[in-house]
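The values are calculated or read from the model by the stated rules, or taken from the named source; none is laboratory data. The model shown is predicted, which means the values in this text are computed figures rather than measured ones. Glycine also receives a Cβ, built like all others from the backbone with ideal geometry; neighbour counts cover every protein chain displayed. With ligands, DNA and RNA removed, areas are computed over all heavy atoms of the protein, side chains included. Shrake-Rupley method; radii C 1.70, N 1.55, O 1.52, S 1.80 Å.
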Amino acid sequence: MALDLDRIRLDTPSANNHIHLDNAGAALMPSVVVERMLTHIKLEEAIGGYDAQDKVTDELEAVYTNFERLIGAKSGEVAVLTSATDAWDKAFYSLDLRSGDRVITGFNEYCSNFVALLHAKEKLGIEIVVINPDDTGDLDLASLEIEAAAGAKLIAISHVPSSSGQVNDVKAVGKIAKKHDIPYLLDTCQSLGQMKIDVADIGCDMAAFTTRKFLRGPRGIGALYVSHAMRKKLNPVFMTNKGAAWTTSDSFDPLNNARVFEAWERNVAAVLAFGEAVKYLLALDNDAVFKRIKNLSDQLRSGLAAIDGVTVTDIGANLSAIVTCVVAGFEARDVREQLLSLGITGQVASVFHTRLDMEARGIDESLRLSPHYYNTPEEIERTLEVIGKIIKT
């Protein structure tokens, strides 16, 4: 399938009912994704969950194969889990961290990940090393190099922070991690589906993914990438009968690949829908997809900057499809509600999400708008027009 916008919007009926600019929260699913989930639920209703799963064994296996292809992973390096948070936590807590171990992260790290770091600091006594921005607002790679040279047990970075629009240079981080032989955990929550991800090229050892955002999959499903080399260094935080075989009355044999982190019980319908979302993206011209997302985001960002009373709060040299701004005289949540009343969905980026970054810049909350390839330039213009009118009221 080429990038046929008419076909894509036909595949996304609700895109014709409102302007959806909350793709960094949860994108609109293509009809085939929704239908795949509903069809399996009906099969479970008809014959029961276990027999229904038996009938889709090959399709479930294809979910792994196709996703590994999408992210450049090898066979056996992906686990399908319940969320990106589930994936990130299982990787992080499976590291052998001890008192005094240094963990390097960025000033724009996501709240869930940072809370886990603080938990490990409180429980284990690790040291959290935060890399601040350089003069351009981007992650200071020179400082990262210095801290990595001093030694660390982990580098944990988010590819696209959720509240600033910037894109971290994760490939450069990968080179530093490899140079100093430090495990590298990447959060791709906001990048998967809006830009190319090749885990081998990036150089990460572990990566957490979600399906509900730019991949256009369902909620409640995510994935974890763990390289084969890294799997040997991890001690899974807990074991299940899916991740290990109970071989004798007093012994078990864990899997030697990423699926050691999986549990037997899961939402099979959501896994199948995840697979359908992956197939949908793979069938498109990905270069055209990513370019269109970038063009729409640039149009929105420059349009907002041109409105008196609007301040774009994105920072950094390389910007993503997450566009954030503050509107003079208005709370971000109030602007969001006014947009919603007119059929335009957006979101609020709060200091609670990326506290270190937003607090340092004196931003309590901002309006977050995030276009996708199924949006149109006309929708962007309509959004800009509405925001302009809100300011004048």
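A few points about this structure:
- Between ALA116, ALA150, ALA142, the distinction of being closer than 27 Å to ILE322 by Cβ and open to solvent by 40 Å² or more (accessible area, probe 1.4 Å) belongs to ALA142 only.
- Any hit, segment 40-57, residues being open to solvent by 60 Å² or more (accessible area, probe 1.4 Å), without any contact (Cβ under 8 Å) to a residue 12 or more places away in the chain and aromatic (Phe, Trp, Tyr): yes
- The lone exception for ARG102 - which of (1) farther than 17 Å from TYR184 by Cα; (2) among the basic types (Lys, Arg); (3) surrounded by 14 or more Cβ atoms within 10 Å (Cβ to Cβ) it fails: (1)
- Of the strands (runs of 3 or more DSSP E) contained entirely in segment 270-378, those carrying at least 1 residues that are under 22 Å from the mean Cα position of the chain (by Cα) and buried (at least 18 other Cβ atoms within 10 Å of the Cβ) fall at 323-327, 347-350, 365-369.
- Residues that are modelled with pLDDT of 95 or more, buried (at least 23 other Cβ atoms within 10 Å of the Cβ) and either not charged (D, E, K, R) or not in a helix (DSSP H, G or I) (or both) do occur in segment 59-68.
- Residue among ALA156, ALA142 that is closer than 21 Å to ALA207 by Cβ and small (Gly, Ala, Ser): ALA156
- Residue selected from segment 167-199 under the condition touching a residue at least 60 places away in the same chain (Cβ under 8 Å) and part of a strand (DSSP E or B), by the criterion most open to solvent (accessible area, probe 1.4 Å): MET195
- Selection status of TYR93, among the aromatic types (Phe, Trp, Tyr), open to solvent by 30 Å² or more (accessible area, probe 1.4 Å) and out of contact with any strand residue (DSSP E or B) (no Cβ under 9 Å at 6 or more places or on another chain): yes
- Criterion: outside any helix (DSSP H, G or I) and under 21 Å from the mean Cα position of the chain (by Cα) - qualifying residue of ALA91, ALA24: ALA24
- Pair list, Cβ < 9 Å and 6+ apart or interchain, from segment 233-244 residues that are under 9 Å from TYR93 (Cα atoms) and open to solvent by 100 Å² or more (accessible area, probe 1.4 Å) to residues that are of a type in the set (A, V, I, L, M) and in a loop (DSSP other than H, G, I, E, B): ASN235/LEU95
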